[in-house]
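Visitor: Please find one structure pasted underneath; my questions will follow.
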Amino acid sequence: MESLTAAVARSFPELAEYVVSIINFLIPMVISASVVAYFYYGGKGILSGKSSESATALRQNMLWGALILFFMISIYGIVSFLEQSILK
(Lines give C-alpha, C1' and ligand atoms only; values in the text may rest on other atoms or scores of the structure.)
Protein backbone atom coordinates (compact mmCIF):
# COMPACT_ATOMS: atom_id res chain seq x y z
CA MET A 1 0.00 0.00 0.00
CA GLU A 2 2.93 2.34 0.61
CA SER A 3 4.04 2.19 -3.04
CA LEU A 4 0.58 3.30 -4.13
CA THR A 5 0.60 6.28 -1.79
CA ALA A 6 4.14 7.22 -2.87
CA ALA A 7 2.91 7.76 -6.45
CA VAL A 8 0.22 10.23 -5.33
CA ALA A 9 1.34 13.85 -5.46
CA ARG A 10 1.00 15.63 -2.18
CA SER A 11 1.32 19.14 -3.60
CA PHE A 12 0.99 20.97 -6.90
CA PRO A 13 4.77 21.16 -7.54
CA GLU A 14 5.02 17.38 -7.04
CA LEU A 15 2.15 16.85 -9.46
CA ALA A 16 3.73 19.19 -12.01
CA GLU A 17 7.07 17.39 -11.67
CA TYR A 18 5.35 14.05 -12.18
CA VAL A 19 3.52 15.26 -15.30
CA VAL A 20 6.74 16.78 -16.70
CA SER A 21 8.61 13.52 -16.10
CA ILE A 22 5.93 11.61 -18.05
CA ILE A 23 6.09 14.14 -20.89
CA ASN A 24 9.91 14.00 -20.91
CA PHE A 25 9.64 10.24 -21.26
CA LEU A 26 7.08 10.39 -24.09
CA ILE A 27 8.66 13.08 -26.29
CA PRO A 28 11.69 11.02 -27.40
CA MET A 29 9.38 8.04 -27.98
CA VAL A 30 7.13 10.11 -30.26
CA ILE A 31 10.12 11.51 -32.16
CA SER A 32 11.58 8.01 -32.56
CA ALA A 33 8.26 6.64 -33.79
CA SER A 34 8.02 9.53 -36.25
CA VAL A 35 11.49 8.82 -37.65
CA VAL A 36 10.67 5.12 -38.03
CA ALA A 37 7.35 5.91 -39.73
CA TYR A 38 9.06 8.43 -42.02
CA PHE A 39 11.59 5.89 -43.27
CA TYR A 40 9.08 3.04 -43.39
CA TYR A 41 6.52 4.88 -45.49
CA GLY A 42 9.23 6.54 -47.56
CA GLY A 43 10.78 3.18 -48.37
CA LYS A 44 7.39 1.66 -49.01
CA GLY A 45 6.54 4.49 -51.41
CA ILE A 46 9.87 4.25 -53.21
CA LEU A 47 9.51 0.52 -53.70
CA SER A 48 5.91 0.69 -54.92
CA GLY A 49 5.83 4.06 -56.73
CA LYS A 50 5.88 3.50 -60.48
CA SER A 51 3.86 6.38 -61.93
CA SER A 52 4.94 10.00 -62.02
CA GLU A 53 1.85 11.07 -60.04
CA SER A 54 2.72 8.77 -57.16
CA ALA A 55 6.36 9.93 -57.33
CA THR A 56 5.23 13.56 -57.06
CA ALA A 57 2.97 12.75 -54.12
CA LEU A 58 5.76 10.76 -52.46
CA ARG A 59 8.22 13.63 -52.95
CA GLN A 60 5.75 16.08 -51.41
CA ASN A 61 4.97 13.77 -48.48
CA MET A 62 8.68 13.13 -47.85
CA LEU A 63 9.38 16.87 -47.88
CA TRP A 64 6.60 17.60 -45.40
CA GLY A 65 7.67 14.69 -43.23
CA ALA A 66 11.27 15.95 -43.17
CA LEU A 67 10.09 19.46 -42.26
CA ILE A 68 7.89 18.16 -39.48
CA LEU A 69 10.72 16.02 -38.08
CA PHE A 70 13.07 19.02 -38.26
CA PHE A 71 10.63 21.22 -36.34
CA MET A 72 9.89 18.52 -33.75
CA ILE A 73 13.57 17.95 -33.02
CA SER A 74 14.39 21.68 -33.11
CA ILE A 75 11.63 22.60 -30.68
CA TYR A 76 12.62 19.73 -28.39
CA GLY A 77 16.22 20.95 -28.44
CA ILE A 78 15.28 24.57 -27.79
CA VAL A 79 12.99 23.62 -24.91
CA SER A 80 15.67 21.36 -23.41
CA PHE A 81 18.25 24.13 -23.70
CA LEU A 82 15.95 26.67 -22.06
CA GLU A 83 15.01 24.22 -19.32
CA GLN A 84 18.65 23.53 -18.50
CA SER A 85 19.75 27.15 -18.66
CA ILE A 86 16.82 28.67 -16.75
CA LEU A 87 15.69 26.02 -14.30
CA LYS A 88 19.01 24.44 -13.32
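Visitor: Specify the residue that is modelled with the highest pLDDT; the eligible residues are those in the stretch 12-57 that are outside any helix (DSSP H, G or I) and not basic (Lys, Arg).
Guide: 51
Visitor: State yes or no: is residue 78 part of a helix (DSSP H, G or I) and surrounded by 12 or more Cβ atoms within 10 Å (Cβ to Cβ)?
Guide: Answer is no for this residue.
The values are calculated or read from the model by the stated rules, or taken from the named source; none is laboratory data. Predicted, not measured: the structure shown is a model, and the values here were computed from it. Ideal geometry is used to build each Cβ from the backbone, glycine not excepted, and the neighbour counts take in all protein chains shown.
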